[in-house]
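Only one structure is covered here, and it is reproduced in the block below.
The values are calculated or read from the model by the stated rules, or taken from the named source; none is laboratory data. Note that the coordinates shown come from a computational prediction; the quantities given were computed from them, not determined experimentally. Backbone-built Cβ (ideal geometry, glycine too); neighbour counts: all protein chains shown.
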Amino acid sequence: MAVPYGMRFDIAFDDMFPQGAFLMGDIQPLTEYQSQEDKARNRPVRPRIDEQTGRRLYRATIADPAAEKERDKSIAVEIAADVQPVPPAAVGNLPFRPVLLEGLTVQPRAETSGQAKWITWVVRATSMRAVDAPATTRGGSAKSLGDDAGKSAA
């Protein structure tokens, strides 16, 4: 059985980013390729549109602290949305902002360089939101402390 062209596979955020994801920089709108001839004729830059959803595409650079290889420490995620996503507020003076990506999908893509060939993944999301760090941290810490305390007492 052949996999249909353009097939995307759903993936859970926790499976893709087990240690969380961090937005680096700003979110940029993606545009279609514009040739020198188009630029010389002052043709307007057209936004890139997602083929499956019909929504505009935006690119976010995401840092993945769980990445094993250096080249995987940051990845580009395409976000399909009607309006440009607004990143969460920065935490202190840190250049990274913790985010949760919703509606994650991955799509295989063949890459080549000379005679070398390999598979890469196009990562897409439908939305981005801020991480509720205090609630998550307190809940996770209290549960783990409670579990450890219960095991120690037993």
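Between Pro98, Pro88, Pro65, the distinction of being surrounded by 12 or more Cβ atoms within 10 Å (Cβ to Cβ), closer than 22 Å to Ala12 by Cβ, in contact with a strand residue (DSSP E or B) (Cβ under 8 Å, 6 or more places away or on another chain) and at pLDDT below 90 belongs to Pro88 only.
What number of residues in the stretch 44-60 are free of Cβ contacts under 8 Å to residues at least 12 places away in the same chain and either on the phi > 0 side of the Ramachandran plot or surrounded by 11 or more Cβ atoms within 10 Å (Cβ to Cβ) (or both)?
Pass one, the stretch 44-60, residues free of Cβ contacts under 8 Å to residues at least 12 places away in the same chain: 44, 49, 54.
Narrowing further to those that are either on the phi > 0 side of the Ramachandran plot or surrounded by 11 or more Cβ atoms within 10 Å (Cβ to Cβ) (or both): 49, 54.
Final tally of qualifying residues: 2.
Based on what the data block shows, is Leu23 touching a residue at least 24 places away in the same chain (Cβ under 8 Å), surrounded by 11 or more Cβ atoms within 10 Å (Cβ to Cβ), hydrophobic (A, V, I, L, M, F, W, C) and closer than 18 Å to Ile11 by Cβ? Answer is no for this residue. Are any of the residues in the stretch 69-77 at pLDDT 90 or above, in contact with a helix residue (DSSP H, G or I) (Cβ under 8 Å, 6 or more places away or on another chain) and part of a strand (DSSP E or B)? The answer is no; no qualifying residue exists. Taking every residue in the stretch 110-138 that is over 28 Å from Val86 (Cβ atoms) and pairing it with any residue that is modelled with pLDDT of 90 or more and surrounded by 12 or more Cβ atoms within 10 Å (Cβ to Cβ), at least 6 positions away or on another chain, the pairs with Cβ-Cβ distances below 9 Å are Ile119/Pro108; Thr120/Pro108.
Would you be able to say whether some residue in the stretch 13-25 is touching a Lys or Arg at 6+ places or on another chain (Cβ under 8 Å), of a type outside the set (Lys, Arg) and at pLDDT 90 or above? Yes, because at least one residue in the stretch 13-25 is touching a Lys or Arg at 6+ places or on another chain (Cβ under 8 Å), of a type outside the set (Lys, Arg) and at pLDDT 90 or above.
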